[in-house]
Amino acid sequence: MGRGSGEAGRDGPARTVAREGTPHGEVALRRRGDVLELVVDGAFAMDTVDTSTEVALATDALRRHQAPARVLVGGLGLGFTARAVLDDPRVEQVDVVELAEPLVRWARQGLVPELAGLEGARCALHVADVADVLAGEGGPVGPWDVVLLDVDNGPDFLVHAANAGLYEEAGLAAAAAALAPGGVLVVWSSHVAPGLLAALRSVAGEDAVVEEDVLAVAREGRTFTYATYSLVRAGC
Ligand SMILES: C[S@@+](CC[C@H](N)C(=O)[O-])C[C@H]1O[C@@H](n2cnc3c(N)ncnc32)[C@H](O)[C@@H]1O
């Protein structure tokens, strides 16, 4: 199951604000009343009806670190995770890595208020595949104190099949290796994912702590069960 439905319980037709093809499929922003929707490769990716878990992804991770100076956010989306990171005054530098170049361009242009004004002295937007960045193959260079991954629905309902590796041992090991000592990695999922939890446990060193947090969100008359998966690296 993805996040929300993108349709139910909403008034009026959707108006396309912007759409553009990319090598990874079309990316589009749609407005339905006050709600902004992101569509990636023809699939509803997210909207602004309830962004509590996108925000919690950031705040829960930051709470687990004493001095989170450098943060990597994988997946710009509609910018809620990145903005929540920037709201923490302890954070000095945020690298947001986004696969869809038009989305970064629209954010820079301030096309919609939700994405406007993110980039600045403390925040850089990068167009790249976060898997490549974590593997050290271009883009911003770590280590980071906090790495947040919200690039897809989770391992069992992928929008981009190519993202599968990020939820498997090799991708998670690369993300854990990109952490500074004491660093925190958190992965968002639209569903409880036992395989992801097991993979994270298997890449965690002896002293790392791995946790699953299940997050229930009520919307459109239904309850969605999202989850985050965290790994906290041992400090120096
Ligand atoms: C669900 S949205 C992220 C939502 C975001 N947490 C927020 O608060 O708005 C997922 C984003 O990840 C991007 N994405 C997908 N695969 C990616 C990858 N491999 N590397 C970087 N970004 C990716 C998508 O284009 C989309 O913008």
* Phi-based couplings in Hz for segment 34-51 (Karplus 6.51, -1.76, 1.60; Gly and Pro marked x) -> 7, 8, 9, 10, 10, 10, 10, 6, x, 10, 4, 9, 5, 8, 9, 4, 8, 10
* For segment 131-136, 3J(HN,Hα) per residue [Karplus equation, 6.51 cos²θ - 1.76 cosθ + 1.60, θ = phi - 60°, Hz, x = Gly/Pro] -> 5, 5, 4, 5, 7, x
* State the Cα centre-to-centre distance between segment 63-118 and segment 12-60 in whole Å. => 15 Å
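Return one quarter of the surface area of the convex hull spanned by the alpha-carbon atoms of segment 142-226, equal to its mean projected area, in nm². Walk me through the numbers before you get to the answer.
Details: hull surface 23.5 nm².
Answer in nm², one decimal: 5.9.
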* Asked: What Kirkwood hydrodynamic radius, in Å, does segment 1-156 give when the mean of 1/r is taken over all pairs of distinct Cα atoms and then inverted?
  -> 16.0 Å
* Cut-off under 5 Å, modelled amide H: who pairs with Met46 long-range -> Leu38
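Taking the number of other C-beta atoms within 10 Å as the exposure measure, put Val85, Val39, Val17 in order starting with the fewest. Let's see the in-between values first.
Details: Val85 25, Val39 21, Val17 14.
Starting with the residue having the fewest Cβ neighbours, the order is Val17, Val39, Val85.
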* Could you pull the Rg and Dmax for segment 49-232, using just the Cα atoms, both in Å? => 15.2, 46
* Could I get the Rg over Rh figure for segment 100-173? Both from C-alpha atoms, Rh via Kirkwood, rounded to two places. => 0.99
* Which whole-Hz ³J(HN,Hα) couplings does segment 85-98 yield from phi under the Karplus relation 6.51 cos²θ - 1.76 cosθ + 1.60, θ = phi - 60°, glycine and proline marked x? -> 5, 5, 5, 8, x, 6, 7, 9, 9, 10, 9, 9, 10, 10
* How big is the antiparallel share of DSSP beta bridges in the chain, given as a percent to the nearest 5? -> 65 percent
* **Pair Gln109, Glu220: separation of 7 Å Cα→Cβ label points (nm)** => 2.8 nm
* Structure fact -> GNM of the chain, Cα pairs under 10 angstrom: of Ala199, Ala216, Ala28, the biggest fluctuation goes to Ala216
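Computed from the coordinates by the stated procedures, all read-outs in this text should not be read as laboratory data. Keep in mind it's a predicted model, so treat the numbers as computed, not measured. FYI the Cβ positions are ideal-geometry reconstructions off the backbone, even for glycines, and counts take in every protein chain you see.
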